[in-house]
1. Classify the range 73-157 from the C-alpha gyration tensor, please: rounded if a/c falls under 1.5, else prolate or oblate depending on whether a/b exceeds b/c.
2. Specify whether the C-alpha gyration tensor of the range 23-189 places it in the rounded, prolate or oblate class, a ≥ b ≥ c being the square roots of the eigenvalues: rounded for a/c under 1.5, otherwise prolate if a/b is larger than b/c and oblate if not.
3. How do 135, 142 line up, fewest other C-beta atoms within 10 Å first?
4. Evaluate the distance, in nm, between pseudo-label points positioned 7 Å from the Cα of residue 117 and of residue 65 along their respective Cα→Cβ axes.
5. Calculate the spin-label point distance for residue 154 paired with residue 78, positioning each point 7 Å from the Cα along the beta-carbon direction, and give it in nanometres.
6. Ranked highest first by average number of other Cβ atoms within 10 Å, how do 113-126, 28-41, 59-72, 76-89 line up?
């Protein structure tokens, strides 16, 4: 009985100390996707990349249409002539070259896009770190704040698989970090000079 009583007392003390520790460990949530979508540098750099991709695709389409025109011009001609065979070979070579260019550019664009995401993630992470250090926050959890679309199964499965089931609105720092990322002037000031307030 003494052992059992001692064990129960230990459990009470342990749970009490754990509750005290948890109470001193602020955990907040952030929607990184929403922060990215409103980040001025992310938006501008991604749009610049999209324009570059569109221009490349338009140029490729023009060149393919020109090759198609050359191929159409061969119709009705004698396929046994040297001119026909040479023209056909040139068309095939140029088409193959366009395919190679497309593969190389696709890889290049993927690398550029990845770098944009990495650079913005680094910038946002630094602001989150500074903000949390200023406010004594120890842990930040990512979650998706978008409402579930019943017509889109992917959003349903994403919500079911999320690690965050509930986040109190006053423990959600997405708006505060968006404000810090909203412009160079604000970002340069940092959280030490009138940062957004976390309501707790």
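1. Oblate shape, in that a/c is at least 1.5 and b/c is the bigger or equal ratio.
2. Prolate shape, in that a/c is at least 1.5 and a/b is the bigger ratio.
3. By the 10 Å Cβ count, ascending, the order reads 142, 135.
4. 3.3
5. Here the answer is 5.7 nm between the modelled labels.
6. Most protected by this proxy first, the peptides run 28-41, 113-126, 59-72, 76-89.
Just so you know, all these numbers are worked out from the coordinates, no wet-lab data involved. Note that the coordinates shown come from a computational prediction; the quantities given were computed from them, not determined experimentally. Positions of Cβ are backbone-derived with ideal geometry, glycine not excepted, and every protein chain shown enters the neighbour counts.
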